[in-house]
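Before any comments, here is the structure.
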Amino acid sequence: MRKNRKAVALMFISALSLMLSACARQPAQTIEAPSATSAQTPQPAAAAAPRVLEIPDTVELVDMGGRAVTVPAPDKLERIYPDGATSLMLFYTLAPDKLTAAPSSGGSAFSDEQKKFVAPEVHDLPSYGTRSGQNGVLSLEEIKRADVQVILSMGVASVNENDISQADELQEQLDIPVLLFSGEMEDYAEAYRLLGKLIGREDDAERIIAYTADIVKTVEAVAAKVPADRRITLYYAQGDDGLATEPANSNRSWVFNTAGALNIATVEALGGFGQSAVSMEQVLGWNPQIIITQGTSNAYDTIMSDPNWATIDAVRNGRVYKMPAQPYSWADRPPSVNRFIGLHWMANLLYPELYDIDIVSVALDYYKVMYHANVSRQDMEAMLADATVKG
């Protein structure tokens with residue numbers, strides 16, 4: 001019996017030794033029991049590195065001549081030069097703070113008289129010449145020296161093949177992009193939108209578009225109330241002798257036509273600078289009810305003092321008016337965005353019973369919105385002294 005117990009003990013010791021030997025041959029493993037949290041909630045992935053947005057240095061715009069032009073991106077664009085009075089007025093009304101120079105035929109961009117009617121920050125801007133007027137010239141050397149990045153070019157009508165050819169030539173000469181804008185009044189909304197996109201001021205452009213569209217709508221509604229056979233006949237006297245004019249089919253007659261006048265001059269419309277020559281006999285035969293004189297000429301003084309004009313209805317009835325001319329004339333010279341205030345003025349002059357407004361107050365508001373200028377009432381009244389009904 002003891003032999004059996006001894007044999008069993010030896011067998012047990014032998015088996016135990018085999019088991020311990022097998023365990024020694026296996027690598028050690030550590031197994032941790034999962035916590036309640038880690039068992040139920042997935043662990044978040046590692047956070048991705050933040051994306052760096054690259055702002056392009058240039059963008060491509062299609063101008064109003066259908067030309068694809070590569071220009072600096074809005075945040076890279078600091079030096080823009082309008083090549084003449086029409087493009088200056090477009091640019092200035094939208095963003096006077098971005099003007100670094102302004103076109104002029106003289107040494108200063110704005111005269112002392114003009115400075116009363118524009119924002120102070122543009123008073124002393126340099127000028128690199130202008131393409132406006134009959135003798136306007138751009139200074140290409142000064143434009144290059146100033147490192148201008150974009151040139152704005154705008155005529156007095158829609159863009160034509162000659163405009164495109166000149167823009168291409170100027171762009172090649174200077175190696176500076178040139179953007180073309182239409183000068184037709186019905187195209188101004190598109191012009192403002194293109195300029196707004198160029199400089200990153202789309203919202204401001206839409207505000208100006210809405211403001212000016214409301215003026216046109218208001219004045220057109222007044223004109224629509226006047227039957228064609230009761231419209232006031234008008235002659236636009238230009239030049240110091242008053243014997244140059246614009247007929248109804250000239251785009252320089254837009255303010256008169258839109259406000260409901262019957263432009264009585266039957267002459268050929270001239271392109272470019274305009275000013276179709278007429279004779280004293282023609283004006284006497286037309287016998288207009290109202291005469292509007294060019295504000296930058298001596299036509300008003302000539303007509304009011306020359307006996308040759310004295311028998312015309314407009315002169316006899318005291319209906320000769322001098323067009324306001326600061327900072328630019330209200331209907332022409334240049335025919336640009338300044339024409340919108342001209343609509344208020346003309347509708348009130350022609351049909352005061354239908355459009356009874358305080359033109360001084362209306363003009364002061366317009367100058368705040370469009371010209372960014374706080375003009376004194378005294379200065380506005382002085383400019384309108386010969387432009388409104390007296391008494």
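In straight Cα distance, which lysines are under 25 Å from residue 197, not counting same-chain residues fewer than 8 positions off? The qualifying lysines are 76, 98, 144, 368.
Separation of the range 213-242 and the range 328-372, taken as the distance between their Cα centroids, equals 12 angstrom. Ordering 308, 367, 267 by the projection of their Cα atoms onto the charge dipole of the chain, which places +1 on the Cβ of Lys and Arg and -1 on the Cβ of Asp and Glu, puts 367 at the extreme positive end.
Quick check for me: using +1 on Lys/Arg Cβ and -1 on Asp/Glu Cβ, what's the dipole size of the range 207-271 about its Cα centre, in debye to the nearest 20?
About 380 debye.
Rg/Rh, computed from the Cα trace of the range 206-348 with Rh as the Kirkwood radius, has the value 0.96. If R0 equals 41 Å, the separation of the Cβ atoms of residue 356 and residue 75 corresponds to a calculated FRET efficiency of about 0.30.
At a 1.4 Å probe radius, carbon and sulfur cover how many percent of the accessible area of the chain?
52 percent
Write down the accessible area per residue of the chain in Å², having rolled a 1.4 Å probe over the full set of protein chains.
Accessible surface, normalised per residue, equals 52 Å².
In the chain, excluding the sites themselves, the longest stretch lacking any of the GluC sites (Glu not before Pro) that are in a DSSP loop with at most 13 other Cβ atoms within 10 Å is 114-267. Distance between the pseudo-spin-label points of residue 310 and residue 377 (7 Å out from Cα toward the beta carbon): 3.9 nm.
PRE reach from residue 175 (point 7 Å along Cα→Cβ): which of the range 131-154 fall under 17 Å by backbone N? Only 140-151 fall inside the zone, counting backbone N under 17 Å.
Among DSSP bridges having both ends in the chain, what percentage is antiparallel? Round to the nearest 5.
Percentage antiparallel, nearest 5: 35.
Here the calculated FRET efficiency for residue 389 and residue 165, from their Cβ-Cβ distance with R0 = 51 Å, stands at 0.60, rounded to the nearest 0.05. Taking the Cα centre of the range 206-322 as reference, the dipole from Cβ charges on Lys and Arg (+1) and Asp and Glu (-1) amounts to some 440 debye. Which option, (1) 36.8; (2) 19.9; (3) 30.5, is the value of mean projected area of the Cα convex hull in nm² that was calculated from these coordinates? Step by step, mean projected area of the Cα convex hull in nm² for this structure corresponds to label (1). Taking Lys and Arg as +1 and Asp and Glu as -1, the other residues whose beta-carbon sits under 10 Å from that of residue 322 total -2. Against the chain, whose longest principal axis is taken from its Cα atoms, helix 188-199 shows a tilt of about 40°. Seen against the Cα atoms of the chain and their longest principal axis, helix 85-94 is set at about 50 degrees. With a Förster radius of 41 Å applied to the C-beta separation of residue 228 and residue 189, the computed FRET efficiency comes to 0.90.
The values are calculated or read from the model by the stated rules, or taken from the named source; none is laboratory data. Since we're looking at a predicted model, the values are computed, not measured. Ideal geometry is used to build each Cβ from the backbone, glycine not excepted, and the neighbour counts take in all protein chains shown. Surface areas here come from the heavy atoms of the whole protein model, side chains and all, with no ligands, DNA or RNA. Shrake-Rupley method; radii C 1.70, N 1.55, O 1.52, S 1.80 Å.
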